[in-house]
Amino acid sequence: MLYQRSSALFNEAKKVIPGGVNSPVRAFKAVGGDPIFVKKAKGAYLYDEDGNRLIDYINSWGPMILGHAHPPVVDAVVTKAKLGTSFGMPTEIETKIAELAVSMVPNVDKIRFVNSGTEACMSAVRLARGFTGKDKIIKFAGCYHGHSDSFLIQAGSGAVTFGSPNSPGVTAGTAKDTLLAEYNNLANVETLINANKNEIACIIIEPVAGNMGCIPPAEGFLEGLRSLCDKHNILLIFDEVMTGFRLAAGGVQELFTINADIVTFGKVIGGGLPVGAFAARNEIMNHLAPLGPVYQAGTLSGNPLAMAAGYAMLTELNEDKEVFNRLAEKTVYLHKGIAQALNKHKVTHTINRLGSMISVHFDAQPVIDFTSAAKGNNETFKKFFHGMLENGIYIAPSAFETWFITDALTYKDLDETIAVVEKIAPTL
């Protein structure tokens, strides 16, 4: 495939946009080459500026559960846009989608809409600190909760030390309040809690990780976190920006029957438009301004276009619960096909999957946390990525990102994808 126009557009973009992109992962730094510039998308397909059709496995990093340009979502946005794009004032659609979301998600009474997943997670942590009166938080290596200062922390020198900033601009003072734990390691979390008695406001986690590839929680891990939080008066925050309304109508809380204290959302809840949200039961949410002392605001929060798109999306997901079974079945089919193709050519690999999230890791050992995910052969992944791309399959340009399956994918699309893996496997 030729990508001449994409390359030319990238060169133009670099003159006026840092790195030529508005989010670093788009720059192809991890895999080499120039990013693909998309012209349009429909269903399961992307169409780039060079006229190539690509089967899409990132789906705008998750929200396109029903496919790109899904007619009910597009119609809702167009209809709402004709009435005005933004007011900075309350609208009825905000209440309608709030009522729908609260009815779908277990253990929440109220929800507040913001403008991104980053903002949702940042606000959730602030609320947890305000509610508990404690300052420190625990996050997990390999989990991404946006680019707020509190989350850009790398490991310290030992299990009981605080982390250090891994981005200039993040202060050491901020870093000292962020404790870094190992995903799927309950003993490590307990060590951190015991070393910081009565100082930890919350534990924030991707209950199914998607930012080191797809990594499901080990059996008993989430239950153990819930128990530790109850024992030590710590709030448990599920970052469901990726998993919310994707793995089940009520997200991971429903899927595993485990209650979080605060849940954050993004992506799906706006039907693909920029949006985020956080939700909890009344006693926590009532600490937010204007009811309580914890301040959070946003001029464009609850933007009518995002609310209309999200309401259309959630309505369909709420009415067609079988969609989650269809997605899971397609993901199992893809998993089996890819594994068979790679095994046939003796390509060392591990595949992780849960629901409609899946990732291929080029290492023989189980991938259960960031350390094991980092052991994957990145050179093999680069070959795999470019081999897929050259044959019309678009996956995330990073070994540390999950793939997302959309209901718009047909089994013919899945067979085409598996055939490409079969074709390129001997080159890996």
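Just a few scattered comments:
- Some residue of region 321-331 being modelled with pLDDT of 95 or more, surrounded by 14 or more Cβ atoms within 10 Å (Cβ to Cβ), out of contact with any strand residue (DSSP E or B) (no Cβ under 8 Å at 6 or more places or on another chain) and aromatic (Phe, Trp, Tyr): no
- Filter pass, Gly156 being in contact with a strand residue (DSSP E or B) (Cβ under 8 Å, 6 or more places away or on another chain) and either surrounded by fewer than 21 Cβ atoms within 10 Å (Cβ to Cβ) or at pLDDT 95 or above (or both): yes
- Subset of region 297-336 (residues that are touching a residue at least 40 places away in the same chain (Cβ under 8 Å), assigned to a loop (DSSP other than H, G, I, E, B) and under 17 Å from Glu94 (Cα atoms)): Gly298, Thr299, Leu300, Ser301, Gly302, Asn303
- Residues in region 41-70 that are in a strand (DSSP E or B), free of Cβ contacts under 8 Å to residues at least 24 places away in the same chain and more than 22 Å from the chain's Cα centre (by Cα): Tyr47 only.
- Leading residue by the ranking (surrounded by the most Cβ atoms within 10 Å (Cβ to Cβ)) among those in region 381-426 that are polar (S, T, N, Q) and closer than 17 Å to Ser60 by Cα: Thr402
- Given (1) under 26 Å from Glu119 (Cβ atoms); (2) surrounded by fewer than 21 Cβ atoms within 10 Å (Cβ to Cβ); (3) touching a Lys or Arg at 6+ places or on another chain (Cβ under 6 Å), number of the condition Arg226 does not satisfy: (3)
- Test: residue in region 71-84 that is charged (D, E, K, R) and either at pLDDT below 95 or in a helix (DSSP H, G or I) (or both): yes
- Looking only at residues in region 190-216 that are surrounded by fewer than 24 Cβ atoms within 10 Å (Cβ to Cβ) and touching a strand residue (DSSP E or B) at 6+ places or on another chain (Cβ under 8 Å), the one that is nearest to Phe362 (Cα to Cα) is Pro216.
- When we screen Ala124, Ala128, Ala98 for residues that are over 30 Å from Leu179 (Cβ atoms) and open to solvent by less than 50 Å² (accessible area, probe 1.4 Å), the only hit is Ala98.
- Residues in region 342-361 that are outside any loop (DSSP other than H, G, I, E, B) and charged (D, E, K, R) were compared, and the one that is surrounded by the fewest Cβ atoms within 10 Å (Cβ to Cβ) is Lys344.
- Here the condition is being open to solvent by 30 Å² or more (accessible area, probe 1.4 Å), among the small types (Gly, Ala, Ser) and without any contact (Cβ under 8 Å) to a residue 24 or more places away in the chain; of Ala364, Ala339, it holds for Ala364 alone.
- Every residue from region 56-91 that is surrounded by fewer than 21 Cβ atoms within 10 Å (Cβ to Cβ), in contact with a Ser or Thr (Cβ under 8 Å, 6 or more places away or on another chain) and of a type in the set (A, V, I, L, M): none
- Any hit, region 391-401, residues being of a type in the set (Val, Ile, Thr) and modelled with pLDDT under 95: no
The values are calculated or read from the model by the stated rules, or taken from the named source; none is laboratory data. Quick caveat: nothing in here was measured; it's all calculated off a predicted structure. Don't worry about glycine lacking a Cβ; one is built from the backbone with ideal geometry, like all the others, and counts go over all protein chains shown. These accessible areas exclude ligands, DNA and RNA; they are computed on the full protein's heavy atoms, side chains included. Shrake-Rupley method; radii C 1.70, N 1.55, O 1.52, S 1.80 Å.
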